[in-house]
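A short worksheet on the structure shown next.
Values in this text are rule-based calculations from the coordinates and carry no lab data. The shown structure was predicted, so the numbers you read here are calculated from the model rather than taken from an experiment. Please note: Cβ atoms are built from the backbone with ideal geometry, for glycine as well, and neighbour counts cover all protein chains shown.
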Amino acid sequence: MEAQNIYTKKMALFSYIASVEDDSMIDKLLNLINPSDNTTKKKNETTLKLSATQKTAIDKGLKDIEDGNIIPYKQAREELKKRMPTYFK
């Protein structure tokens, strides 16, 4: 009985997909199947390739957050003002 239910759902899905005429909807459906597939990328999107150093820095920052090694935004802003006053006029 369960196999029939899955088959019916698949057929309904196939029928729906076959009827879609909107290109953006097709892109959304493709993105559901494979989010990393570049064929669904919009014209003005850019894929960034990070260096090993950048990836390591991001991983370190995420670990700091997990470990609670963070400071409040207002404190960080005040420290930046002291170090780079020309950017805070």
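Which entry in (1) 3, 14, 19, 17, 12, 8, 7, 6, 5, 4, 3, 2, 0; (2) 3, 16, 31, 29, 16, 5, 1; (3) 2, 10, 9, 10, 11, 12, 9, 8, 11, 8, 4, 3, 2, 1, 0 is this structure's computed P(r) over Cα pairs in 5 Å bins from 0, in percent? Entry (3).
Could you work out the local net charge near Lys81, counting Lys and Arg as +1, Asp and Glu as -1, over the other residues with Cβ closer than 14 Å to its Cβ? Summing Lys and Arg as +1 and Asp and Glu as -1 gives +3. Computed from Cα atoms, the angle from the helix 23-33 axis to the main principal axis of the chain rounds to 80 degrees. Note on Ile6 and Thr56: the model spin-label points, each 7 Å out from Cα along the C-beta direction, lie 4.6 nm apart. When +1 charges are put on Lys and Arg Cβ atoms and -1 charges on Asp and Glu Cβ atoms, the dipole computed for the chain relative to its Cα centre reaches about 660 debye. With the simple model of a label 7 Å out from the Cα in the direction of the Cβ, Lys89 to Ile71 spans 2.5 nm.
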